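The values are calculated or read from the model by the stated rules, or taken from the named source; none is laboratory data. Every value quoted in this text rests on a predicted model; they were computed, and no experiment measured them. As a convention, Cβ positions derive from the backbone with ideal geometry for all residues, glycine included, and neighbour counts pool all protein chains shown. All accessible areas refer to the heavy atoms of the entire protein, side chains included, with ligands and DNA or RNA removed. Shrake-Rupley method; radii C 1.70, N 1.55, O 1.52, S 1.80 Å.
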Amino acid sequence: MTSNTNGASKATKTVAAQAYPNLQQTIEEIVDTGFVGLQLRVDDERGAWVGSAGRSVVGETAPPPINGRVRIGSNTKTFVATVVLQLVAEGKIALDTPAVDYLPRFALDPRITVRMLLQHTSGIFNFTGEVYEDGTTAPGVVAWGGKEWVDNRFLTHETDELVRLALAEPARFEPGTDWSYANTNYALAKLLIEAVTGHPLAEEMQRLILGPLGLSDTVVPETSTEIGGPHAHAYYRYDDAGVEKTVDVSVQNPSWISSGGDMISTSKDLHTFISALLSGKLLPAPLLAEMLTPEDKVGYGLGVFVQKTATGTLITHNGGHGGHAALMYSTPDGAKTMTAALNYVDDADLSLSTVFQAATQRLVDEVFGAEDLTSPSHQGQLSQ
């Protein structure tokens, strides 16, 4: 891998690179639409294409490190769902058992099953806030934007407390009757894993996924503030008494989002994970089939979006907040994947959401063929 003088890394010279002759130019042009930097990886039967463009640090010229670590946001949910399903395979959890049976300390509606938590059909209030179909909003129980988030980004938030505060809010709908994305579902999934195993989620993640797959750059940070290892920097822009300020928020305590989006990984580890998952290395075939069975409203399975397109199906989850984002796409058999890490200047208005969707559309078009990314599963992916 070499770098040119304008800060954009050249793509790796593999057989796979020959199949994507324009991809380096594409990621450079995407960065120019408003991102600080982008690191992209494509793996298929021909090998790996890897490249980066833009800058790792604002004001400097070095590009984002190849395979640098990134806060992966809601891609965390795919890891957590996989652990739950692995515990189902071990006979410790049953998908259609009421979640309250495993977590009796919470006042959960007994109609809410484990499956509903993983599929976002529980109706539970989202602790980072709600956007309703009529356009109205409800604030979250924890600050995740603006000056308040910046000022409090090193505080520790207990997952139990986030859940209790969310459960004190009105439910969005009767359990199982609709779909709504809620980080609370995955905070509960974390607590459920810990309840049935007697171990922290990080230990179970290491036992079931990270260790077996050798994912040495993937971390469940809990309250640790550092990313560790090479990484591009993340930024946040906010208003402070009428003065616009931009700060480096790479270092933060991610407990405010808990298992809804706290993990750290790399494009290579994301590739290894999603490829192993979809090729059947982590789950028995019947449970993998359950994971990939989508609900009807937006096509969400258990921890993954199942995106039906004119040219086939893609399994995906994206995520991001606070100046970092990650992309994870794969064919259903895990044979071809696209994973990416982005760094950018975020803000409370999610100003880059439209740009992010356009960039994702272009990358998927180029790597997988023209796909339709207009479904709700690809809206607002720069938020948790």
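Here are the numbers:
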item: Cα gyration tensor category, rounded, prolate or oblate, for the stretch 195-242 with a/c compared to 1.5; result: oblate
item: Ranked by how many other beta carbons lie within 10 Å on average, peptides 342-352, 87-97 from highest; result: 342-352, 87-97
item: Cα-based reach from K308 at 16 Å (exclusive), listing aspartates and glutamates while leaving out same-chain residues under 8 positions away; result: E295, D296, D333, D365, E371, D372
item: Residue-count net charge about E161 - beta-carbon cut-off 14 Å; Lys, Arg +1, Asp, Glu -1; result: 0
item: FRET efficiency for N22 and S224, using Cβ-Cβ distance with R0 set to 35 Å, rounded to 0.05; result: 0.35
item: Between the stretch 313-343 and the stretch 140-178, the alpha-carbon center distance in angstrom; result: 25 Å
item: Value of [θ]222 nm, deg cm²/dmol, for the chain, DSSP H segments ≥ 4, -39500 (n - 2.57) each, nearest 500; result: -8000 deg cm²/dmol
item: Length added when fully stretched, D109-E174, from 0.36 nm per residue minus Cα-Cα; result: 22.5 nm
item: Global form of the stretch 97-179, assessed from the alpha-carbon gyration tensor, a/c cut-off 1.5; result: oblate
item: Values of log10 I(q)/I(0), in the order q = 0.13 Å⁻¹, for the stretch 178-307 under a Debye, Cα-only, solvent-free model; result: -0.71
item: Part-to-part distance (alpha-carbon centres) for the stretch 199-249 and the stretch 266-304, which is given in Å; result: 22 Å
item: Carbon plus sulfur fraction of accessible area for the stretch 243-313, probe 1.4 Å, in percent; result: 55 percent
item: Inter-label distance for R164 and A138, nm, one decimal - labels placed 7 Å from Cα along Cα-to-Cβ; result: 2.0 nm
item: Set of lysines with alpha-carbon distance to K268 below 21 Å, sequence-local pairs under 8 removed; result: K10, K13, K77, K281, K336
item: Percent antiparallel among DSSP beta bridges (both partners in the chain, rounded to 5); result: 90 percent
item: Whichever lysines have a C-alpha closer than 23 Å to that of K245, once near sequence neighbours (fewer than 8 apart) are set aside; result: K147
item: Shape of the stretch 50-94, Cα gyration tensor, a/c cut at 1.5; result: prolate
